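No lab work stands behind these numbers, since they all come straight from the coordinates. Here the structure is a predicted model, which means the values were calculated and not measured. Glycine gets a Cβ as well: all are built from the backbone with ideal geometry, and neighbour counts include every protein chain shown.
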Amino acid sequence: LYTRRMVIVSAHMILSVLSALLYAGLAWCASSLSAPAARRLLLTVAAVHAGALATGFFVPPPAFGFAPAVSISAWLVLVVYLLESRALPQLRARGFLTLVGMAAVVLPLFFPGRALPPEQGAWMGIHIALGMASYALLACAVLHAWLVTRAEAALRQPGSDSLVTGNLPVLTLERLMFGFVWAGWILLSATLLAGLLFDEWLYGSALPFQWTHKVVFAWLAWLTFALLLMGRWRLGWRGRKAVRMVYAGSVFLLLSYIGSRFVLEALLQRAA
């Protein structure tokens, strides 16, 4: 068992460091690469990053925390970007994404998280997957909110950010942003309702559902995104108001699981 664990840990460390180096290389030459070459390299680094995540999950005992959550979210955002860039090759956000990925992939080496309690139900994996998917989609919404801001700045100062936005219309970027908000909000709703209604299936009878600050911040994020979507539907909200609400909801969401686990694991150095 010890030998098996050491093999998995070594593989996890090697793949994580290799991913970070590939991300760094891409960040260094992102502006000079052609679109097809950059896409091939992004696919390669996404595959290596996936290997680092997979080996991390198999290190006994199973653990999870803020750093694995950040790494998974960054990888999912990269995958979404790769899919989106096929339809919209004008997007040029790969430099920013590679810098984020480079930091995210090495975080679990320093903060692997806490061991998952054995009393937690088998459905906890699905619950975590839903949560990470919602984090990733709403992170994509934040990325597109930033692109909307850049595109609006380019309208005021022509050519200033055309390399980033690829001269995409602001309305197109806004529609994409709200699409990611809708998808992320739906998954966040499923995650929160599952934790509220099926707490014994997820946490076990010994760990009932509690209204912790983590849960409160998550529901504040849910409410913020719900208000944004309602305002978009009923009042036609767009532009800076919509972007600010995307940022506000994302801050609440960041303060929920990732923020609370960061304080406990990195600042207070507690496992529970």
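For Thr44 and Met6, a Förster radius of 25 Å and the Cβ-Cβ distance give a FRET efficiency of 0.40, rounded to the nearest 0.05. Given R₀ = 45 Å, FRET efficiency for Arg240-Ala37 by Cβ-Cβ distance, to 0.05? Calculated transfer efficiency: 0.80.
What the Cβ-Cβ distance of Ala103 and Gln157 gives, at R0 = 41 Å and to the nearest 0.05, is a FRET efficiency of 0.85.
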